[in-house]
2 protein chains.
Amino acid sequence: MAKQKTAISPTRVEDYPEWYQQVIKAADMAENSPVRGCMVIKPWGYELWENIQRVLDDAFKATGHHNAYFPLFIPKSYLEREAKHVEGFAKECAVVTHHRLEDDGKGGLKPAGELEEPLVVRPTSETIIGEVYSKWVQSYRDLPLLINQWANVVRWEMRTRLFLRTAEFLWQEGHTVHASSEEAMEETRKMLDVYADFAENWMAMPVIKGEKTEGERFPGANHTYCIEAMMQDRKALQAGTSHFLGQNFAKGFNIQFQSESGDREYAWTTSWGVSTRLIGGLIMTHSDDDGLVLPPRLAPSHIAILPVLRGEGDAEVLAFCEKLKAELESKAFAGRVIRVELDKRDLRGGEKRWGWVKKGIPFIAEVGPKDLAKESVFLQRRDTGEKAAVKATEFVETIGERLQEIQDNLLSRAKAHREENTRKIDTKEEFEAFFTAKNKNKPEIHGGFALCHWAGTAEEEDRIAKDYKVTIRCIPLDDTEGPGTCPFTGKESPQRVVFAKAY
Amino acid sequence: MAKQKTAISPTRVEDYPEWYQQVIKAADMAENSPVRGCMVIKPWGYELWENIQRVLDDAFKATGHHNAYFPLFIPKSYLEREAKHVEGFAKECAVVTHHRLEDDGKGGLKPAGELEEPLVVRPTSETIIGEVYSKWVQSYRDLPLLINQWANVVRWEMRTRLFLRTAEFLWQEGHTVHASSEEAMEETRKMLDVYADFAENWMAMPVIKGEKTEGERFPGANHTYCIEAMMQDRKALQAGTSHFLGQNFAKGFNIQFQSESGDREYAWTTSWGVSTRLIGGLIMTHSDDDGLVLPPRLAPSHIAILPVLRGEGDAEVLAFCEKLKAELESKAFAGRVIRVELDKRDLRGGEKRWGWVKKGIPFIAEVGPKDLAKESVFLQRRDTGEKAAVKATEFVETIGERLQEIQDNLLSRAKAHREENTRKIDTKEEFEAFFTAKNKNKPEIHGGFALCHWAGTAEEEDRIAKDYKVTIRCIPLDDTEGPGTCPFTGKESPQRVVFAKAY
């Protein structure tokens, strides 16, 4: 078999969207299901989600939140109670109208038992949770109420893409209630920080924290904050959001409490969420033309040991590999026991090795009779492709540092990529040049994050979106530069915002 | 306030079903939601579920299973492909028929965008997973396929009861594929053992492992195995099931593989599940007239420390309590760090204490100035009600043993209860007397598990169900007695079966 140049075809430069699909397929992470818009998350993808869940769940609990579970279904009338919210979600939701199937007289089944009121499969749970909270919250003593839910939600998206946009997806949604506006805002920002910390320190995906403009706000929110990451094709990915809902849902669902001074007041609520979309972001931040690259702190497994089996001497090689596996698994990294795959499958060495490369495992350790003689392993590091013979004892001793080195390298690589492709832009012409592709097959020669002053209206924002397919991703929270002139309107602008093409 | 005799009213003897609802309410575990048949699982109930999940998930992984996630929706036509399966589930399922809501011209919304094919919200996932597996399974090398899913499912039950029977519930469903009948049967039985072990060693709930009769089988299964537990009112609760599906779903969904000898063969499949119903079983196995009693190995929290605050000397008491908390939390029990609630709320001592009693926390430790002087705590043990002053250092040193003692006591208490209320029955008259209540307000004076020989038909089984509201819970797997005479038919019976009233 002729050696392939890259394991994934097409490469990123050739066709980034198709490369993305092929990486997922090659790593065996997920696939489209026979049900329109829904995906099947396969074990290698689901274990990544389990690791994401575990770390975030610990962070939520450490910040005082408890998990609970609310119904999948939302009565239609609940959605109607918050005007902007229903406008945002009614156009794409799964509606349950019947509660059984009966003989249709043609050998098949038809829906029967029509419901008095249709139920919507939750696209998000502010309304049903708001209704429940209105009973739980009576006095200032009941506040703050800090609850999170891990759940599936459904939004009837017409154009879906694995992990990034699917009709059903998995997520967590935090829903909190507070006695004051200040406290609710503090919560909103605190959870944004939790997300940003997770993205950088666990996913090795640098993010910009910022606020959305009015047009991009969550339907029903007063302020929506987000973390935005840059993918390898320079497009932005919104990776998490945290919403300050003011008293909108408290008024829609009558969440009132008696204050310390004895008055009845409407409460202040927040909501915040991240989803399986994070997996899409992780893939597009680190992977290369040989497939998935995983940050070791979240990788389902850390090391694949591949015994080179030739018949003679196999027993010794296998015994050595088993011992190595046990020694590695006695170590921990980032709060988890190190996980090792001992791959004894009867496959050619190259096929086996490429399989693990495509799955993004941080290290592949090959062990043949010659390595055994020297008590060493032949190590391949996924992110850099470096190969070297290393003494087995040394490998075991240094495994934690080696994994952290990969983690650090991925983060600094992603940071460098973002910095290289972020530019301060002060004229319309520059802006236009920045976002106009010279060649539609070469997405890498244009785009990125444009830091621009902005003083336009929502309509002007829409026009830019239409003309350039570019949107304001966020108004960064860490702006240090201050005011300037908006190149589109010539008006004074309080700070630069981030413009980008986006997923 | 006059001291109540018991914290829960009514008591178990007075009204067992209502007592059950009141225990859940008093422990703040769950409540009925505004959506028909769906419950809200509150933090104290959900944490119990998280602990159940963690232990079972570890057991599934230790037996070679991986988690994955499949779609919430099942096309109607898939259900139709296995005849018995559709018959079992079509009568009570949520049917999605539309994918948006639009203005109804009367200021409200109506379903719009009718789907070409209605979708059913999964009541269980054999069909959708069968369809997916038919693509994954090609060769004997792909087998066994060992996958589990944690998910929500919906069955449109008309009469619901918190945890025991709800329209939406949370569960896990294992779905495996094997090359041979023997291997599939081995898997079916292995997972039943995992469930039985979990019930006994973690929930402290003894169970009988057995097989269901034909009438009680899972729709589409060749054999259904179950674990059955006895509740305090002597009724049986089916706590988990494991199904040998033969080749029924393999044929319905064309799951075929090429065998080692090169033939195309239909595969053999299994499925197995437990749900949030386990929480109902746990409550009804251990709780008493003062509320919830929790097995320590699954308790959300182990110890409540209640500082007795009087103004003077409070700082010292609180410092002592904080130190005690930290020391206890440095210990582990049953694979988890010990969790302690330091309850500083401004409530009267009695109110606070009763709150924790009702929540079933294994230990309450009160600390006042006098205890402080002796460096002791005033300890109350939930299962026995024992109270004693104990040196704080001794309490910390022995906490693991003390928790295990409660765990053991709960199991032996439950076993004794089951043994006291299990009887070998050899005549129809005895059977009738055993199951006829002398007084409908005194359910404790009748019932239990009747071990009877049985050689009747499915119709005769139905008649007994109608006449006595008693069913065959299972044909025990561990029968040692062998054949005898069926008191209903006079025919030879291979072994005794378990008859009981059931949830």
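The values are calculated or read from the model by the stated rules, or taken from the named source; none is laboratory data. Note that the structure is a prediction, hence the values are computed from the model and not measured. Positions of Cβ are generated from backbone atoms using ideal geometry, with glycine treated the same way; all protein chains shown enter the neighbour counts. Heavy atoms of the whole protein, side chains included, go into the accessibility calculation; ligands, DNA and RNA do not. Shrake-Rupley method; radii C 1.70, N 1.55, O 1.52, S 1.80 Å.
Once the Cβ-Cβ distance between residue A:141 and residue A:310 is put in as r, and R0 is 60 Å, what FRET efficiency do you end up with, to the nearest 0.05? Walk me through the numbers on the way to the answer.
Numbers: r = 72 Å, r/R0 = 1.21.
Efficiency, rounded to the nearest 0.05: 0.25.
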| remark: Partner shielding of B:135-144, taken as the mean number of other chain Cβ atoms within 10 Å, equals 1
| request: Enter the angle in degrees (range 0 to 90, nearest 10) between the Cα long axis of helix A:349-359 and the first principal axis of the Cα atoms of chain A, meaning the one along which they spread out most. | output: 20
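Could you order B:158, A:205 by accessible surface area, starting with the largest, using a probe radius of 1.4 Å?
On the way: B:158 135, A:205 0 Å².
Ranked list, largest accessible area first: B:158, A:205.
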| task | Would you tell me the accessible area of residue A:261, worked out with a 1.4 angstrom probe on the heavy atoms of the protein chains, in Å² to the nearest 10? | result | 90
| field | Probe 1.4 Å, protein heavy atoms only - accessible area per residue of the range A:422-500 in square angstrom | value | 54
| task | Based on the mean of other Cβ atoms within 10 Å per residue, sort peptides B:174-180, B:460-466 so the most packed one is first. | result | B:174-180, B:460-466
| query | What is the average number of partner chain Cβ atoms found within 10 Å of a Cβ in A:59-71? | reply | 5
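Between residue A:102 and residue B:465, what FRET efficiency comes out of the Förster formula 1/(1 + (r/R0)^6) with R0 = 22 Å and r the beta carbon distance, rounded to 0.05? Spell out each step's value before the answer.
Values: r = 25 Å, r/R0 = 1.14.
FRET efficiency, residue B:465 to residue A:102: 0.30.
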| Copy-to-copy label separations for residue A:332, where each label sits 7 Å from Cα toward Cβ, in nm and ascending | 0.7
| Accessible heavy-atom area order of B:44, B:354, highest first, probe of 1.4 Å | B:354, B:44
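Go ahead and estimate [θ] at 222 nm for the protein assembly as shown from helices alone: -39,500 (n - 2.57) per DSSP H run with n ≥ 4, summed, over the residue count, rounded to 500. Can you show the working numbers first?
On the way: 28 runs with 342 residues, N = 1006.
The per-residue figure over the protein assembly as shown is -10500 deg cm²/dmol.
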| Per the Kirkwood definition applied to all pairs of different Cα atoms, how many angstroms is the hydrodynamic radius of chain A? | 25.3
| task | Find how much the distance from residue B:9 to residue B:336 grows on full extension, using 0.36 nm per residue of separation minus their present alpha carbon separation; answer in nm with one decimal. | result | 114.3 nm
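How big is the charge dipole of chain A about its Cα centre, in debye rounded to the nearest 20, if each Lys and Arg gets +1 on its Cβ and each Asp and Glu gets -1 on its Cβ?
Value, rounded to 20: 1320 debye.
Per residue, how many Å² of accessible area does the range A:218-275 show with a 1.4 Å probe?
Values: 1700 Å² over 58 residues.
Result: 29 Å² of accessible area for each residue.
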| request: Could you work out the relative contact order of chain A, using alpha carbon pairs under 8 angstrom and six or more residues apart, expressed as a whole percent? | output: 14
| field | Rounded to whole Hz, the Karplus (6.51, -1.76, 1.60) HN-Hα couplings of the range A:449-457, x for glycine and proline | value | 9, 9, 8, 10, 6, 8, 9, x, 8
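Of the accessible area of the protein assembly as shown, with the probe set at 1.4 angstrom, what percent is carbon plus sulfur? Walk me through the numbers before you get to the answer.
Numbers: 19560 of 41380 Å².
Exposed carbon and sulfur together represent 47 percent of the surface.
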| remark: For the table A:212/A:469; A:25/A:352; B:323/B:415; A:190/B:344, the rows whose alpha-carbon distance is greater than 28 Å are B:323/B:415
| query | Karplus couplings for the range B:466-481 from phi (6.51 cos²θ - 1.76 cosθ + 1.60, θ = phi - 60°), rounded to Hz, Gly and Pro as x? | reply | 6, 5, 10, 6, 10, 10, 6, 6, 5, 9, x, 7, 9, 4, 10, 7
| note | Spelling it out for residue B:288: with amide H atoms placed in the peptide plane at 1.01 Å from N, the residues 5 or more places away or on another chain with amide H under 5 Å from its amide H are B:293
| Taking only Cα atoms, what is the 0 to 90° angle, nearest 10, from helix B:314-329's long axis to the longest principal axis of chain B? | 40
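Counting only other chains, what is the mean number of Cβ atoms within 10 angstrom of the Cβ of each residue in peptide A:149-157? Walk me through the intermediate numbers first.
Details: counts 2, 3, 2, 5, 1, 6, 0, 6, 0.
Across A:149-157, the average partner-chain Cβ count within 10 Å equals 3.
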| message | If I fit a long axis through the Cα atoms of helix B:16-27 and take the longest principal axis of the Cα atoms of chain B, what angle between them do I get, 0 to 90°, rounded to 10? | response | 60
| Suppose every K and R has +1 on its Cβ and every D and E has -1 on its Cβ; what is the size of the dipole of the range A:16-286 about the Cα centre, in Debye to the nearest 20? | 580
| query | Around residue A:260, what is the net charge, scoring Lys/Arg as +1 and Asp/Glu as -1 over all other residues with Cβ under 14 Å from its Cβ? | reply | -3
| request: Work out from phi, with θ = phi - 60° and the Karplus expression 6.51 cos²θ - 1.76 cosθ + 1.60, the ³J(HN,Hα) of each residue of the range B:74-90, listed in order in whole Hz, and give x for Gly and Pro. | output: 10, x, 3, 5, 5, 4, 5, 6, 10, 4, 6, 5, 5, 4, x, 10, 5
| task | Report the FRET efficiency, 1/(1 + (r/R0)^6), for residue A:50 and residue B:430, where r is their Cβ-Cβ distance and R0 is 45 Å, rounded to 0.05. | result | 0.30
| message | Restricting to Cα pairs below 8 Å that are 6+ residues apart, what does the relative contact order work out to for the range B:242-283? Please round to a whole percent. | response | 42
| Taking amide H positions as placed 1.01 Å from N in the peptide plane, with prolines and chain starts having none, which residues 5 or more places from residue B:474, or on another chain, fall under 5 Å of its amide H? | B:498
| request: Tell me which residues come under 5 Å, amide H to amide H, from residue A:360 once H is placed; ignore anything under 5 positions away on its chain. | output: A:292
| said: Starting from 0.36 nm per residue, how many nanometres of slack lie between residue B:373 and residue B:181 once their C-alpha separation is accounted for? | reply: 62.3 nm
| Between copies, how far does the label point of residue B:214 sit from its twins, in nm, shortest first, when each point is 7 Å from Cα along Cα→Cβ? | 7.1
| task | Quick one: with label points 7 Å out along Cα→Cβ, list the inter-copy distances for residue A:18 in nm, shortest first? | result | 7.1
